[in-house]
Amino acid sequence: MLDLLARTPRGTEDVLPKKSRIWRYIEEQLADIFGLFGYQEIRTPMFEETELFQRGIGETTDIVEKEMYTFVDRGGRSLTLRPEGTAPVVRAYLQHKLYGEPQPIKVYYIGPMFRYERPQAGRSRQFHQFGAEALGTQDPATDAEMIAIPAELLRRLGLDNLQVEINSIGCPQCRSEYRTYLIDVLEPKADDLCADCRRRLTRNPLRVLDCKDEACNRAKVGLRPILDFLCSECKEHFDAVQEYLQLLDIPHVINHNLVRGFDYYTKTVFEIVYSGLGAQSAIAGGGRYDGLIEEAGGPSVPAVGFAAGMERLILTLEDRGWEPPDTGGTAVYVAGTSATRKAVVDLAFRLRRAGIAAEMDYLDRSLRAQMKAANRLNAVWTVIIGEDELEQGLAVVRHMESGRQEEVVLADMEGWLKEQLPTAGCQGAEE
Ligand code: HAM
């Protein structure tokens, strides 16, 4: 029993403090970048009505067919832990009539998503996405923006040489011509396709394109790309997206097999990939979904978005040996004896209230052991409150790096330390 309780459920993980520092750093960068690009945060519930995802993502997609965490609640409603963030954002857009506000609505989100997938490196059952959606515009500049935002984050993290792959899957009209073409060409070769693709061939033939199976790859040799079938509007849009990417200096390649596993996409689709991740190489993915809002019962409003996987991004950073900048820790360690305990606790709290990161002993340790702890925590200063000094209202202040010591009036300690530390709460790495 115990060992079961001492393990996270399959496909989930704890983010321990060391890794949490990386998360926090990325989240801070994201808040900054999204702000610069004019996106505001939206937070939607962790679960939604099951039908939202069935209709939004599409009945024949892998996610809806086999990956959703669906349950019936005590009131008999079918609910699903969100497998992605786009359908919930569209739901919120309709529910709160955001289409009545000045357009476009530009929102971003960061949070956990849930998919019942076979766990492997870079693929888990609870994972975290950050993403953005721009609703109410068909400007191809927003398609480029959805690539530029993750690209800017990657640039800041030193990962600017990842591959950007793009494609266009057209609108329902040109896509249906391509579907017919695919079925005509692939049907005679159906026996060569994998079981999944044989099934997909009639229901969702575009998905055959992104199957990685060797036999399917052979059957696909010589297929015409969907770009050959685009109508003039879709073609112009795709050309414009590419021009904007060039303008923004974002290198990209066209991947004719990129179709993405959601039914809601129209026109532009893209992924940012890192080959060092093995099979789960996509760090980010997204595209335009001009028909989804109408299909969900709203007005005809075009939209585009992207989402990236936090865990995959962090795996990539780890693969590259990246470390977050050291934000330090404790600025001041307050040490004392059992006789001066109250003064220690009082000073530590006063310092924290004054915005100075302070630590103290909680294990009744000797003064020597407390000094060691101060060293381990990289404290810049240690305040030692001894009995004799306390009687005179003083404490000894020791600069840890130089060993320099002096006596300071206890009542003035916050002010004195603030003068010494370059920025208050400056977490201690440097003086
Ligand atoms: P997606 O490609 O399914 O797109 O997910 C985006 C990213 O989430 C992936 O590139 C990957 O990094 C990460 N991810 C997906 N599944 C897992 C998993 N099982 N474990 C770890 N990471 C995973 C979407 O979700 C769309 N909603 C993106 C979008 C937004 N399109 C338009 N707007």
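The numbers here are math on the coordinates, done by the rules we state, and not lab data. Remember, predicted model here, so these are calculated numbers, not experimental data. Don't worry about glycine lacking a Cβ; one is built from the backbone with ideal geometry, like all the others, and counts go over all protein chains shown.
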- Task: Express the Stokes-Einstein translational diffusion coefficient of the range 332-420 in µm² s⁻¹, to the nearest whole number, given a Kirkwood radius over alpha-carbon pairs, 25 °C and a viscosity of 0.890 mPa s.
- Result: 194
- Query: Where does helix 232-247 land angle-wise versus the long Cα axis of the chain, in degrees 0 to 90, nearest 10?
  - Reply: 30
- Candidates Glu233, Glu101, Glu419; GNM for the chain (alpha-carbon contacts under 10 Å) flags as most fluctuating Glu419
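At most 13 other C-beta atoms within 10 Å and a DSSP loop state: those are the exposed trypsin sites (Lys or Arg not before Pro) I care about. Give me the longest piece of the chain that has none.
Here the longest segment lacking exposed loop sites spans 98-211.
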- Could you state the angle between the C-alpha long axis of helix 172-186 and the longest principal axis of the C-alpha atoms of the chain, as a value from 0 to 90 degrees rounded to the nearest 10? 70
- Identify, among Leu209, Thr340, Ile169, the residue whose Cα sits farthest towards the positive end of the charge dipole of the chain, taking +1 on the Cβ of Lys and Arg and -1 on the Cβ of Asp and Glu, with the dipole about the Cα centre. Leu209
- Between Arg74 and Gln405, what FRET efficiency follows from the Cβ-Cβ distance if R0 is 56 Å, with the result rounded to 0.05? 0.30
- Item | Distance between the range 268-341 and the range 14-63 - C-alpha centres, whole angstrom | 8
- So the angle from the long Cα axis of helix 17-36 to the longest Cα principal axis of the chain, reported in degrees to the nearest 10, equals 60
- Note on the structure: the chain, Gaussian network, Cα under 10 Å: of Ala335, Ala303, Ala219, the residue fluctuating most is Ala335
- For the range 214-369, what is one quarter of the convex hull surface built on the Cα atoms, given in nm²? 18.4
- Query: At q = 0.10 Å⁻¹, what is the log10 ratio I(q)/I(0) for the chain, with the Debye formula run over Cα points and no solvent?
  - Reply: -0.80
- Item | DSSP beta bridges in the range 332-420 [antiparallel fraction, %, rounded to 5] | 55
- Message: I want to verify a result. In a Gaussian network model of the chain, Cα cutoff 10 Å, which of these has the top mean-square fluctuation: Tyr69, Tyr108, Tyr333?
- Response: Tyr333
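Rounded to the nearest 500, what is the chain's calculated 222 nm mean residue ellipticity when only DSSP H runs of at least 4 contribute -39500 (n - 2.57) each, over all residues? Walk me through the intermediate numbers first.
Details: 15 runs with 156 residues, N = 431.
Only helices count here, giving -11000 deg cm²/dmol.
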